[in-house]
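Here it is: the structure, laid out below.
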Ligand SMILES: Cc1cc2nc3c(=O)[nH]c(=O)nc-3n(C[C@H](O)[C@H](O)[C@H](O)COP(=O)(O)OP(=O)(O)OC[C@H]3O[C@@H](n4cnc5c(N)ncnc54)[C@H](O)[C@@H]3O)c2cc1C
């Protein structure tokens, strides 16, 4: 065992991207993944990059982090293409928030006013203006808000690219290898237990998403308060006649059309622990709401029904942080923004691990906030 290597627990988008950036800085990296790398929340995600549509009233620090991360995406995508040869389809067609009835129109108006007030780029559209820009919309649409700067990527390509890039840079991904516990001695990390064996590491990154709280061996004061939030999400297949280009979001569902013809439609947000099966009610909810906004989906083939677990912290904001245990770092709790926050998490975490520094931008996302 090479104890100069950095161990990363969790091979989702967060663990893979941190590992890849550490490799780019000349570090040795081993990623441990209990199942197949990238096939959990990161795979079933819709891949939307939506800092403006998702801006919350009380979440200014998170908004700043989200805006910074979307700004970093072009550089991140270029670096990733350089290392992997895979294009992640960073698409800048923009996003439209839509209201399908009068209640939603009232709600949308409040969201629009808030975004105007904090000077985010948004444009109010009537129902007919919205349909001119997106002819697949139902004639029932009451109004819409155009958001030119919310984008999307193909999150599955992002995963495949990260796996390739990690391997090309000499990193190791141990799939089907769950980490059983971390080892801590004198408040310093000493390694991990896998396959019933103890392995020595001086630095360990806990990046196992919704499962992070349950990691054995963590002292209680560094156990991240993260829970799974179940999301059911569908994949439809677009036909030649169905020409949706932009990301659409109503108050209840969204549509993310991908270059390869998939149309991702989601999602439920459910507090059901790790319940891993889709339900008739969940699928009915998504399809009914989606059909009301875009009736043309009715005849599209339904290809996949997926379930994923968003890692959500107590305040629904990410934890990107060193800890009071020497050599232990945590990157989880990305909730609905894990794909969007991939670049900033990877760059900032690399800086924390290599230089021992965290920027002002990242300070609000320290684990320490839960002690106050
Ligand atoms: C339905 C849905 C739609 C979404 N849409 C979007 C979106 O449009 N835009 C956006 O930005 N975000 C979106 N998200 C959120 C985003 O997908 C997540 O925030 C992100 O994928 C979290 O990445 P992660 O690497 O932390 O977790 P995961 O991808 O879940 O990866 C964690 C990995 O850790 C592994 N693991 C667990 N325990 C262990 C262990 N003991 N040892 C080793 N490995 C372990 C797991 O097997 C898993 O592969 C969505 C999420 C869902 C569920």
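Looking at residue 242, is it in contact (Cβ under 8 Å) with a residue 60 or more places away in the chain and in the same structural domain as residue 147 (by TED's automatic domain parsing)?
For residue 242, the condition - in contact (Cβ under 8 Å) with a residue 60 or more places away in the chain and in the same structural domain as residue 147 (by TED's automatic domain parsing) - is met.
Within the range 108-120, which residues are touching a residue at least 12 places away in the same chain (Cβ under 8 Å), surrounded by fewer than 17 Cβ atoms within 10 Å (Cβ to Cβ) and more than 23 Å from residue 135 (Cα to Cα)?
Across the range 108-120, the qualifying residues are 114, 118.
If you don't mind, another one. If I ask for residues that are more than 9 Å from the ligand (Cβ to nearest atom) and either part of a loop (DSSP other than H, G, I, E, B) or within 17 Å of residue 233 (Cα to Cα) (or both), which ones from the range 25-43 would you list?
25, 26, 27, 28
Condition first: within 13 Å of the ligand (Cβ to nearest atom) and either outside the structural domain of residue 255 (by TED's automatic domain parsing) or in contact with a strand residue (DSSP E or B) (Cβ under 9 Å, 6 or more places away or on another chain) (or both). Can you find one or more residues in the range 132-150 that meet it?
Yes, that holds for at least one residue.
Something else about it: Give the range 200-234 a look and list any residue that's out of contact with any helix residue (DSSP H, G or I) (no Cβ under 8 Å at 6 or more places or on another chain), surrounded by fewer than 20 Cβ atoms within 10 Å (Cβ to Cβ), in a strand (DSSP E or B) and touching a residue at least 60 places away in the same chain (Cβ under 8 Å), or say none.
If the condition is that a residue be out of contact with any helix residue (DSSP H, G or I) (no Cβ under 8 Å at 6 or more places or on another chain), surrounded by fewer than 20 Cβ atoms within 10 Å (Cβ to Cβ), in a strand (DSSP E or B) and touching a residue at least 60 places away in the same chain (Cβ under 8 Å), then 200 is the only one that fits.
Sticking with this structure for a sec: Does residue 328 satisfy the condition of being in contact (Cβ under 8 Å) with a residue 12 or more places away in the chain, within 13 Å of the ligand (Cβ to nearest atom) and assigned by TED's automatic domain parsing to the domain that holds residue 212?
No: the conditions fail for residue 328.
Can you name the number of the only condition in (1) within 28 Å of the chain's Cα centre (by Cα); (2) in contact (Cβ under 8 Å) with a residue 12 or more places away in the chain that residue 167 fails?
(2)
Can you tell me which residues in the range 145-170 are in a loop (DSSP other than H, G, I, E, B) and crowded, with 24+ Cβ neighbours inside 10 Å?
Selection gives 150, 153.
Test of understanding: among 98, 70, which residue is modelled with pLDDT of 95 or more, touching a strand residue (DSSP E or B) at 6+ places or on another chain (Cβ under 8 Å) and assigned to a helix (DSSP H, G or I)?
70
Still on this structure: Across the range 171-188, what is the number of residues that are in a strand (DSSP E or B), surrounded by fewer than 20 Cβ atoms within 10 Å (Cβ to Cβ) and within 13 Å of the ligand (Cβ to nearest atom)?
3
Using the structure shown, decide if residue 351 is within 16 Å of the ligand (Cβ to nearest atom), within 23 Å of residue 212 (Cα to Cα) and surrounded by fewer than 21 Cβ atoms within 10 Å (Cβ to Cβ).
It is false that residue 351 is within 16 Å of the ligand (Cβ to nearest atom), within 23 Å of residue 212 (Cα to Cα) and surrounded by fewer than 21 Cβ atoms within 10 Å (Cβ to Cβ).
Are any residues in the range 189-199 surrounded by fewer than 21 Cβ atoms within 10 Å (Cβ to Cβ) and either touching a residue at least 40 places away in the same chain (Cβ under 8 Å) or outside any loop (DSSP other than H, G, I, E, B) (or both), and if so, which ones?
190, 193, 194, 197, 198, 199 - these are the residues of the range 189-199 that are surrounded by fewer than 21 Cβ atoms within 10 Å (Cβ to Cβ) and either touching a residue at least 40 places away in the same chain (Cβ under 8 Å) or outside any loop (DSSP other than H, G, I, E, B) (or both).
Moving to a separate point now. On the basis of being modelled with pLDDT of 95 or more, in a helix (DSSP H, G or I), in contact with a helix residue (DSSP H, G or I) (Cβ under 9 Å, 6 or more places away or on another chain) and crowded, with 17+ Cβ neighbours inside 10 Å, does residue 297 make the cut?
Yes.
Right, here's the next one. Has the range 302-325 got at least one residue that is surrounded by fewer than 24 Cβ atoms within 10 Å (Cβ to Cβ), out of contact with any helix residue (DSSP H, G or I) (no Cβ under 9 Å at 6 or more places or on another chain) and assigned by TED's automatic domain parsing to the domain that holds residue 244?
There is at least one residue in the range 302-325 that is surrounded by fewer than 24 Cβ atoms within 10 Å (Cβ to Cβ), out of contact with any helix residue (DSSP H, G or I) (no Cβ under 9 Å at 6 or more places or on another chain) and assigned by TED's automatic domain parsing to the domain that holds residue 244.
Could you tell me whether the range 109-118 includes any residue that is under 29 Å from residue 366 (Cα atoms), in contact with a helix residue (DSSP H, G or I) (Cβ under 6 Å, 6 or more places away or on another chain) and assigned to a helix (DSSP H, G or I)?
Checking the range 109-118: not a single residue is under 29 Å from residue 366 (Cα atoms), in contact with a helix residue (DSSP H, G or I) (Cβ under 6 Å, 6 or more places away or on another chain) and assigned to a helix (DSSP H, G or I).
Same structure again: Given the condition assigned to a loop (DSSP other than H, G, I, E, B) and crowded, with 20+ Cβ neighbours inside 10 Å, answer yes or no: does some residue in the range 252-262 qualify?
Yes: the range 252-262 contains one or more residues that are assigned to a loop (DSSP other than H, G, I, E, B) and crowded, with 20+ Cβ neighbours inside 10 Å.
Scan the range 37-55 for residues that are closer than 16 Å to residue 119 by Cβ and touching a helix residue (DSSP H, G or I) at 6+ places or on another chain (Cβ under 7 Å) and report the count.
Qualifying residue count for the region: 3.
The values are calculated or read from the model by the stated rules, or taken from the named source; none is laboratory data. Fair warning: this is a prediction, and the values are worked out from it, not measured in the lab. Here Cβ is always computed from backbone atoms with ideal geometry, including for glycine, and neighbour counts include all displayed protein chains.
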